[in-house]
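Engineer: Dropping the structure in here first, questions after.
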Amino acid sequence: MTADTGAVTVEATSWVTKFLGGDGVGRMLVDLPVGPGATVRSVLTELSTRHPELAEALWNGRDLGEHMEVLVNDAVLGIAHEIDSPVAAARGSTALARPPQGDGGSRSSRPGTSTGVQASPPRPPWAGPLTNSARISRPADNVLARRLRAGDFVLSVEFVTPAASEPLEAALAPALTLAGRAKRDARITAIAVTDRVKSDDDHDPVVVAGRVAETSGKAPLVHLAGKDRDPAWLMAALDRMSARGLDNALLVTGDAVRRPPAGRRVRYYDSVDMLLDARAARPAATLAAVVSPFKYREEALLNQYLKMAKKERAGADAFITQIGWDMLKLKELVAWRERRGLRAPLLAALLLLTPARARHLRAVTLPGVVVTESLAERVARDAGAADRGLAAARHRLALQIVGARRLGCRGVQLTGLHDADRLARLLDEVDALERDLPTGHAWWDAWRAEIGGAAVAPPNPVYLFRELGQPDGWQIANDALTPVELVATPSARERAVHRTLHTLDRVVFAPGSPGARLLRPLARAAPRGSALERALTGVEAVVKAPLGCETCGFCRLPSTMFVCPETCPKGLANGACGGTDGNTCEFRDRECIHNPKYRLGLREGTLGSLESEAIPRVPPDRRGTCSWTNHLRGEDPAVRRLPSP
């Protein structure tokens, strides 16, 4: 290089790599020389001149093609740079374009930034405006994955991604401060970055995670929420993650959309489907899922545990619990998993519960989070302190971290802690408690003293082991716990509907049944979209209206105990979400529709199917068509039998 020239690194990701001789996945880096007067356009023109096939995809006349996303440094074009912006010094250590000065320019150097050319489909309405994106020259150290594989205890700190309405740099400031602390503190394994928690339109968690990785040097855990999203979105998110060297993802269905769009139903991408799709696309990624043990009714609790087993069969490498304060529920969860032979590491999600937060959680009822009146009153007693209960909340959280480890959890994920100095004080207190409470008995005594007799569970709670509902049951070894009898019973109506529809399916629709043999030729004679098929669709809608049918075109009733999954507000077929309150749906307008499935499965002896069968999503082009003809023509997506974990 000379003082008047330099180099720029162009990074291509996903299918763009095919135009550069790659395999269409992952990423490729290409160094191009630049001289005085170079612009983003000239750099991309030089690259596309070398690769004519790229030119056809990259350009539409003088404009970029609609399926291309170009980033310079860490910003999408139109944010900090334009297509004709000069390739000149950029901010901070990521300056692009000018080689080191002062020695005549003869030293070889690799510039600190890059231009990224990234493929993406047209942006759907929920995606919001393009925002800044991060680039890292090499993947961050995946301490989280390595420690989980080794069986070590891990600690991640959750950063709640701000709404996209907040300027990105201001939004990133606390995350980068936490990341700086994580870089210096070996006790912090990773930073976790949430998705669509603050609002329906938060900043892209992949963008935030990329910047966190740059600062901390440790691979973060990227949350990806499936509310109002689909497989194309997930593949695009995984591509963006791969481009930044990020391999850890927590896949969740997500809570209810706050502002549903007018004129259409919101579809939710079930976490089971997300796991299956992500595992197929990224076999080596570390994929986590969520389970909520803080359920106190038999149906709600077993639905969580059965779906957890299904998620592990679908490819989950680790689980993170919902936040909660009933430590006996963590013991129950660990014991249940041990008896089922489930091996994925379990992390307890823990919240810094201040008096103000306790009041807020009681007022807003966060889906799946149980703060009893008794616990809120206990925490409120700390509000009179000079720090308004912060030190007491920190002590309580430190006790929970120590307790989670003693109970068999393989880590914790902390939330409600965006202040790096407060985090450091918490971890110091954890270290002190580990020394001061050397036995399980000592820890339980300290925990019971801390909660001061507060009831952390609602009245008449259900535990799956008899001893956990008795005084001092905590001290019984997991393998000595006695399972309770499961007693949930379907109603007479639930039994009658199931019996009738099961018989009808066996006679008319099941493969090899008399009805299927008779009707299959007729179904094949009704072309898709024909007047006859449209008429049959109308008949089906009327006949199945009492079941809540929405003519989805792919009837999954035989796999869901003949309870239509379309009657779930989220349309979930593979099991309940974590948002129930008691046995009531998160949307608060009905009993969770997965409860009768559980009751019927328990009575019929078919509960195993609720954890072993993966029920596919409804293909979008099937909605509004006749499921009868689709089924009889053999066009239904196959229900998958998942392997044992």
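Engineer: Would you work out the relative contact order for the chain, in percent, from Cα pairs under 8 angstrom that are 6 or more residues apart?
Structural biologist: After rounding, I find 11 percent.
Engineer: Report the label-to-label distance for Arg50 and Asp436 in nanometres (one decimal), using points 7 Å from each Cα along the Cα→Cβ vector.
Structural biologist: So the two model labels end up 6.2 nm from each other.
Engineer: When all protein chains stay in place, what accessible area (Å², nearest 10, 1.4 Å probe) is found for Asp479?
Structural biologist: For Asp479, solvent-accessible area is about 130 Å².
Engineer: Please list, in chain and number order, the residues 5+ apart from Leu414 or on another chain whose amide H is under 5 Å from its amide H, with Hs placed from the backbone.
Structural biologist: Amide H neighbours of Leu414, under 5 Å, 5+ apart: Ser156, Val157, Glu158, Leu350.
Engineer: Cβ under 10 Å from Gly634's Cβ, Gly634 left aside: what net charge do those residues give with Lys, Arg +1 and Asp, Glu -1?
Structural biologist: Result for the neighbourhood of Gly634: +1.
Engineer: Taking only DSSP H segments of four or more residues, each worth -39500 (n - 2.57), what value at 222 nm results for the chain once the sum is divided by all its residues, to the nearest 500 deg cm²/dmol?
Structural biologist: Taking each H run of at least 4 residues, the total per residue is -11000 deg cm²/dmol.
Engineer: Please work out the average accessible area per residue across region 373-448, using the 1.4 Å probe convention, and give it in Å².
Structural biologist: 44
Engineer: Quick one: ranking Val252, Val487, Val70 by accessible area, 1.4 Å probe, largest first, what do you get?
Structural biologist: From most accessible down to least: Val487, Val252, Val70.
Engineer: How much length would be gained if the chain were fully extended between Arg641 and Asp445, taking 0.36 nm per residue of separation minus their Cα-Cα distance, in nm to one decimal?
Structural biologist: Full extension of this stretch gives 66.0 nm more.
Engineer: Solvent-accessible area of Cys564, probe 1.4 Å, all protein chains present, reported in Å² to the nearest ten, please.
Structural biologist: Here the residue's solvent-accessible area equals roughly 20 Å².
Engineer: Top to bottom by accessible area (1.4 Å), largest first, where do Asp141, Asp621 land?
Structural biologist: Heavy-atom accessible area, descending, gives Asp621, Asp141.
Engineer: Under a 1.4 Å probe, what is the accessible area of region 487-645 per residue, stated in Å²?
Structural biologist: The answer is 48 Å² per residue.
Engineer: Per residue of region 573-590, in order, report the coupling 6.51 cos²θ - 1.76 cosθ + 1.60 (Karplus, θ = phi - 60°) as ³J(HN,Hα) in whole Hz, putting x for Gly and Pro.
Structural biologist: Whole-Hz 3J(HN,Hα) from phi for region 573-590: 9, 9, x, 6, 7, x, x, 5, 10, x, 9, 8, 4, 3, 7, 6, 10, 6.
Engineer: Using the heavy atoms of the protein chains and a 1.4 angstrom probe, tell me the accessible area per residue for region 163-248 in square angstrom.
Structural biologist: Value returned for region 163-248: 28 Å² of accessible area per residue.
Engineer: Add +1 for every Lys or Arg and -1 for every Asp or Glu among the other residues with Cβ under 14 Å from the Cβ of Leu532, and state the total.
Structural biologist: +2
Engineer: Ignoring ligands, DNA and RNA, what percent of the 1.4 Å accessible area of the chain is carbon and sulfur?
Structural biologist: 54
Engineer: Of the listed pairs Lys183/Lys295; Lys227/Lys329; Lys227/Lys544, which have alpha-carbon separations greater than 32 Å here?
Structural biologist: Result: Lys183/Lys295 exceed 32 Å.
Engineer: Rounded to the nearest 5, what % of DSSP beta bridges with both residues in the chain are antiparallel?
Structural biologist: The antiparallel fraction comes to roughly 40 percent.
The values are calculated or read from the model by the stated rules, or taken from the named source; none is laboratory data. Quantities reported herein were computed from a predicted structural model and do not represent experimental measurements. So basically every Cβ, Gly included, is an ideal-geometry build from the backbone, and we count neighbours across all protein chains shown. We work out accessible area using only protein heavy atoms, side chains counted, and drop any ligands, DNA or RNA first. Shrake-Rupley method; radii C 1.70, N 1.55, O 1.52, S 1.80 Å.
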